[in-house]
1. I'd like to verify a number: residues in segment 150-161 that are part of a strand (DSSP E or B) and either of a type in the set (Phe, Trp, Tyr) or modelled with pLDDT under 95 (or both), how many?
2. I need the full set of residues from segment 320-340 which are hydroxyl-bearing (Ser, Thr, Tyr) and either surrounded by 17 or more Cβ atoms within 10 Å (Cβ to Cβ) or over 22 Å from GLU260 (Cα atoms) (or both), in order please.
3. Within segment 122-136, work out how many residues are assigned to a helix (DSSP H, G or I) and either at pLDDT below 90 or more than 16 Å from THR175 (Cβ to Cβ) (or both).
4. Given the options PRO161, PRO176, PRO189, name the one that is surrounded by 15 or more Cβ atoms within 10 Å (Cβ to Cβ) and over 16 Å from the mean Cα position of the chain (by Cα).
5. Hey, among the residues in segment 192-219 that are in contact with a strand residue (DSSP E or B) (Cβ under 7 Å, 6 or more places away or on another chain) and among the aliphatic types (A, V, I, L, M), which one's surrounded by the most Cβ atoms within 10 Å (Cβ to Cβ)?
Amino acid sequence: MAPTPGSARKQTRERNFTMDECVAELIKRMIARMSFAEVNPTLKTWGLLEEKELQSLTTRQSKDSLAMQVVNLCERKKATLDHAADLDIVYYHAYSNKKIWEVYQMSIPSESEMSLAEVSKFTVLFKKAVCSVFKNVTIHFREFEDALWIRIAWGRDCMKPNQYKPTIVVYHIQTPNVFITGISKSHRPVLFQGLLLATGYKHIQEAELKSRCLESLQDIVFKRFSQPFQSYQSRSLPEKSKASTFADSKLTYENIKEKERIHHVMLETFGDGPLPKLEFASYKLETSFNGETGIANKIEPFRCLVKFSSPHLLESLRTLAPSGFAEAPISSLLSCIPHRGRNIFKITEKKQPSSSQATN
């Protein structure tokens, strides 16, 4: 049976389809940055390629060859920029620790909060607000459970959006919390304006909380980790383990009561459950010269930055005193991190009123 003129034209268009070079290069770079173990799970979640196409991929080749094989399969599927952007979101959702995330919090909602509950309305308002300022910009959305993931590629008046360095925003619907990575200072005002207009909030500010572990940041913000005394009171530890839970087996304690006191204090401070994973805490110190008023006014304040870092900072702090490396309780500047929901602090002196102010 001869093909009809309509079907013949359709087959010709399919054969003549050529994927945009920018899209092909973007997909190629995405595959190249993945490990071999990450490629198949990511593509499967992405959903563009069928199972038999995924099975045809082989890791017994160079990364460049594998990337080109994926690009060829995507070309057959007529992949567009929308598909490529979606792949980027899927990858960073699965491997969010590839980025450093910053937490922002919005406040003072307007009288009408209807937009907080409507994802479709949010996406329209957000896109309209951002595109009204930046013409060359691409915005893509994807929902994962209770969070809306937003990918923004920024461009300039005479330049296309840079798809290789996008901003990723994670907004939890019906909450004032936003998690952002890859945002420059020049783009922050526009992004914040879009978030405020789309959600109905009036203000947004940085929460002074950063980490590579997005899940731990969410645990801190939403108070999903074990609070002190909650798990401790709910079940009592066996007598033998009470004194040795956090202790180093290589150390010998002569004072058992002191050991138990330290254990009790650390339970009060950190609890006995899993702690959110943070990699650092920084303290910016600023103090002024104390002396004659005339000299003090001429000298710049003394400034320094103290930074504590560890693969798992909070867990390290919890073991300091039991291991004998610090006294218990440890400084509140360190122990307050999970409860205050921040790991970036600025410590300054209290301003003393001037003599004229004191007189008045």
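The values are calculated or read from the model by the stated rules, or taken from the named source; none is laboratory data. Since we're looking at a predicted model, the values are computed, not measured. Neighbour counts are summed over all protein chains in view; Cβ atoms, including those assigned to glycine, are modelled from backbone coordinates with ideal geometry.
1. Going residue by residue through segment 150-161, those that are part of a strand (DSSP E or B) are 150-154, 156, 159.
If we keep only those that are either of a type in the set (Phe, Trp, Tyr) or modelled with pLDDT under 95 (or both) too, we end up with 154, 156, 159.
Adding up the residues that qualify gives 3.
2. In the first step, residues of segment 320-340 are kept if they are hydroxyl-bearing (Ser, Thr, Tyr); the result is 323, 331-332, 335.
SER335 - this is the single residue of segment 320-340 that is hydroxyl-bearing (Ser, Thr, Tyr) and either surrounded by 17 or more Cβ atoms within 10 Å (Cβ to Cβ) or over 22 Å from GLU260 (Cα atoms) (or both).
3. Taking segment 122-136 and keeping what is assigned to a helix (DSSP H, G or I), we get 122-131.
Within this subset, residues satisfying the condition of being either at pLDDT below 90 or more than 16 Å from THR175 (Cβ to Cβ) (or both) are 123-125, 127-131.
Total meeting the criteria: 8.
4. Values: PRO176 fails: over 16 Å from the mean Cα position of the chain (by Cα); PRO189 fails: surrounded by 15 or more Cβ atoms within 10 Å (Cβ to Cβ).
Result: PRO161 is the single residue among PRO161, PRO176, PRO189 that is surrounded by 15 or more Cβ atoms within 10 Å (Cβ to Cβ) and over 16 Å from the mean Cα position of the chain (by Cα).
5. Restricting to residues being in contact with a strand residue (DSSP E or B) (Cβ under 7 Å, 6 or more places away or on another chain) and among the aliphatic types (A, V, I, L, M), the top hit is LEU217.
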